[in-house]
1. Tally up the residues in segment 196-213 that are buried (at least 24 other Cβ atoms within 10 Å of the Cβ) and either among the basic types (K, R) or part of a helix (DSSP H, G or I) (or both), please.
2. Quick test of your reading of the structure: N263 fulfils all but one of (1) touching a Pro at 6+ places or on another chain (Cβ under 8 Å); (2) at positive phi. Name the failing condition by number.
3. Being under 21 Å from M110 (Cα atoms), of a type in the set (V, I, T), modelled with pLDDT of 95 or more and in a loop (DSSP other than H, G, I, E, B): is that true of V265 here?
4. Of the residues V318, V333, which is within 26 Å of I383 (Cα to Cα) and assigned to a strand (DSSP E or B)?
5. Inside segment 271-293, can you point out the residues that are in contact with a Lys or Arg (Cβ under 9 Å, 6 or more places away or on another chain) and surrounded by fewer than 17 Cβ atoms within 10 Å (Cβ to Cβ)?
6. Within segment 98-118, can one find any residue that is modelled with pLDDT of 95 or more, aliphatic (A, V, I, L, M), within 17 Å of L184 (Cα to Cα) and in a strand (DSSP E or B)?
7. Please verify whether W370 is part of a loop (DSSP other than H, G, I, E, B) and among the aromatic types (F, W, Y), treating the condition exactly as stated.
Amino acid sequence: MKTPFALSGSAVMMCLCAVLSMSLTFDALALKTAPQVKEEARDELLTRDHFVTHSSTLSVNRHQPVGLFLREKVLSVKQNAKLPVVLFVHGATVPSMPDFDFNYQDYNWMAFLARRGFRVYAMDLSGYGGSPRPLMDDPCNVAPSFQSIMVPRPLSAACSPKPSREFNTIHDDWAEMDSVVDHLRRVNHIKRIHIVGWSAGGPRVGGYMSKHPEKIERAMLYAPSPTVAKDPSSLPSEGYPMSIQTRDDFELKRWDPDVRCANQVQAGLRDVLWTEIMKWDAVGSTWGPEGVGVMRGRISSQFNWTPQMAQKVDTPTVVVVGEFDRLAERRTVFDQLSSKKKVFVGVQCASHFMLWEKQRHVLHETSLEWFQKGTVKGAYKGIFNVDEQQRYTRVDEVSSARP
């Protein structure tokens, strides 16, 4: 993969006409955050990084060509084969690579599916990981309520944010996803892909399916954010474009309250995970506590999808939620979907961060069967509970047989 570089003016347009999806980026900010991973085989897997061209819809760089970061993972021996495609879409805070390509023991979800015959991709939306982060390198653009964390690194004193609006809306995310999905359909010569959305990735994927059902074969919504009655805003609201999250915020405040079972989280894992998160936020790693850093996060306006959108989704969909993750509330998403083929999986001893916990295998195995066969334990619709030993129990009365 060639090193990304910045282009401007007519040179950009000429490049876009010639090579719509070259592995380069048109935003210098992405260069600062994206580790340059060369094409290489890992345990018989080939990992390749791309930048998909997209005409930005963000107010700060509207209509400018940018490169959206996209990682691909496939078995080396099948790199030239026509394979089913899976795309991962991240949530609100952590970018896709620490989520889905976490190269630690057997936690790597992308690798799990790739070894079983899928061509697997994960994307970063604008404001995350290897994709452009306009406005986010300036610490003065952090909301004032967070700025005290950044004194004295990198600020000597609080300062006033320059922009007066939040970063984006979910409509911008849907537009970026569409550019990536169309790219994948084109380069893989397929009509539909499989897709996974975690947390805030739920509204992203769910809303996208309601708009583009013809492009998605099957979907998995993992801990999806519930629907909201109010239509999502099409323009960013007045406010600040960026927030930050410390390691203590992430672990002690957000994760620890839902670690309630023995051995739910492996000892030492969080040190490795935070290191990986900081690897994908080179600027944030130099802010806040010395030797620890912070996660930079964009602030989006009224980030949601509606019950009406959920009701339009007829794509076969599996919804997976952990026991300690507002299960009943997130279950409403499953109930609202119109899909005739839909399965809900509740997982015991699991939190919102199940993909980094003991029960991660439930996510791996459920996604595999769903994308291979359109079933969970042979059922194309129904409700399951999974216990600590990862045994699936049917808890509804719907026939599990295929039609």
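The values are calculated or read from the model by the stated rules, or taken from the named source; none is laboratory data. Treat the numbers as computed from the prediction; the structure is a model and nothing was measured. Positions of Cβ are generated from backbone atoms using ideal geometry, with glycine treated the same way; all protein chains shown enter the neighbour counts.
1. So the first thing to find is which residues in segment 196-213 are buried (at least 24 other Cβ atoms within 10 Å of the Cβ), and the list is 196-198, 201-209.
If we keep only those that are either among the basic types (K, R) or part of a helix (DSSP H, G or I) (or both) as well, we get 201-209.
The total comes to 9.
2. Only one criterion is unmet by N263, namely (1).
3. Working: under 21 Å from M110 (Cα atoms): yes; of a type in the set (V, I, T): yes; modelled with pLDDT of 95 or more: yes; in a loop (DSSP other than H, G, I, E, B): yes.
Yes; evaluated as a whole, the condition is true for this residue.
4. Numbers: V333 fails: assigned to a strand (DSSP E or B).
Matching residue, one of V318, V333: V318.
5. Those that are in contact with a Lys or Arg (Cβ under 9 Å, 6 or more places away or on another chain) and surrounded by fewer than 17 Cβ atoms within 10 Å (Cβ to Cβ): A282, T286, P289, E290, V292.
6. Looking through segment 98-118, none of the residues is modelled with pLDDT of 95 or more, aliphatic (A, V, I, L, M), within 17 Å of L184 (Cα to Cα) and in a strand (DSSP E or B).
7. Numbers: part of a loop (DSSP other than H, G, I, E, B): no; among the aromatic types (F, W, Y): yes.
For W370, the condition - part of a loop (DSSP other than H, G, I, E, B) and among the aromatic types (F, W, Y) - is not met.
Residues are listed down the side, and each one gets a yes or a no for (1) surrounded by fewer than 24 Cβ atoms within 10 Å (Cβ to Cβ); (2) of a type outside the set (F, W, Y); (3) in contact (Cβ under 8 Å) with a residue 40 or more places away in the chain; (4) in contact with a helix residue (DSSP H, G or I) (Cβ under 8 Å, 6 or more places away or on another chain):
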{"site": "E44", "(1), (2), (3), (4)": "yes, yes, yes, yes"}
{"site": "F51", "(1), (2), (3), (4)": "no, no, yes, yes"}
{"site": "N61", "(1), (2), (3), (4)": "yes, yes, yes, no"}
{"site": "E72", "(1), (2), (3), (4)": "yes, yes, yes, no"}
{"site": "S76", "(1), (2), (3), (4)": "yes, yes, no, no"}
{"site": "Q79", "(1), (2), (3), (4)": "yes, yes, no, no"}
{"site": "V89", "(1), (2), (3), (4)": "no, yes, yes, yes"}
{"site": "V94", "(1), (2), (3), (4)": "no, yes, yes, yes"}
